[in-house]
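The values are calculated or read from the model by the stated rules, or taken from the named source; none is laboratory data. Worth saying up front: this structure is predicted, and the values here are computed from it rather than measured. Cβ atoms come from the backbone with ideal geometry, glycine included; neighbour counts cover every protein chain shown.
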């Protein structure tokens, strides 16, 4: 009996052709919720950033700071840069951004200020947050919580998600419009508040 040997290159070429065929034959595959679960979709101007639930771990009166990392923490770090704009793409300086999250083991500090802090957007609506990569806890993919509010305006409460995280697809709250976008070693997100 003659045994056929396939080279790795032939197998990969065949798989690539099949993938291309399926992609062209069914555009719905490329735009399904599952495919969007892995693709950052930074909101454009015109539509407000989607709200999401606050959850049970918000604490008011967090300290004003842009760095939420304690000096003795060795968990992986995350640097988030971004901007706050109105629906006409105009920068919104002075907007309050209040962040909170769990640690790398999925635990929230409900007694102190660990991984909690607020700041105000700069003169061009920009902000910078230095924090840890949040961990998972049962039922949830890693995420950051945030409240965004211009002076005397309504509060936008939402959550931000990591790109390409395998738990995104199984999280009941996950919204691909809230995925932070990789930019080199940093991540980026644009908040849009209604005018």
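For (1) part of a loop (DSSP other than H, G, I, E, B); (2) at pLDDT 90 or above, each residue gets a yes or a no:
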position: 18; (1), (2): no, no
position: 21; (1), (2): no, no
position: 24; (1), (2): no, no
position: 38; (1), (2): yes, no
position: 41; (1), (2): yes, no
position: 61; (1), (2): yes, yes
position: 69; (1), (2): yes, yes
position: 93; (1), (2): yes, yes
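Is it true that residue 47 is surrounded by fewer than 18 Cβ atoms within 10 Å (Cβ to Cβ), under 15 Å from residue 190 (Cα atoms) and in contact (Cβ under 8 Å) with a residue 60 or more places away in the chain?
Details: surrounded by fewer than 18 Cβ atoms within 10 Å (Cβ to Cβ): yes; under 15 Å from residue 190 (Cα atoms): yes; in contact (Cβ under 8 Å) with a residue 60 or more places away in the chain: yes.
Against the criterion (surrounded by fewer than 18 Cβ atoms within 10 Å (Cβ to Cβ), under 15 Å from residue 190 (Cα atoms) and in contact (Cβ under 8 Å) with a residue 60 or more places away in the chain), residue 47 qualifies.
Residue-wise test of (1) within 26 Å of residue 56 (Cβ to Cβ); (2) in contact (Cβ under 8 Å) with a residue 40 or more places away in the chain; (3) surrounded by 13 or more Cβ atoms within 10 Å (Cβ to Cβ); (4) over 14 Å from the mean Cα position of the chain (by Cα).
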{"site": "85", "(1), (2), (3), (4)": "no, yes, yes, yes"}
{"site": "136", "(1), (2), (3), (4)": "yes, no, yes, no"}
{"site": "159", "(1), (2), (3), (4)": "yes, yes, yes, no"}
{"site": "162", "(1), (2), (3), (4)": "yes, no, yes, no"}
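Of the conditions (1) part of a loop (DSSP other than H, G, I, E, B); (2) under 18 Å from residue 47 (Cβ atoms), residue 111 clears all except one; give me its number.
In the conditions (1) part of a loop (DSSP other than H, G, I, E, B); (2) under 18 Å from residue 47 (Cβ atoms), residue 111 misses (2) alone.
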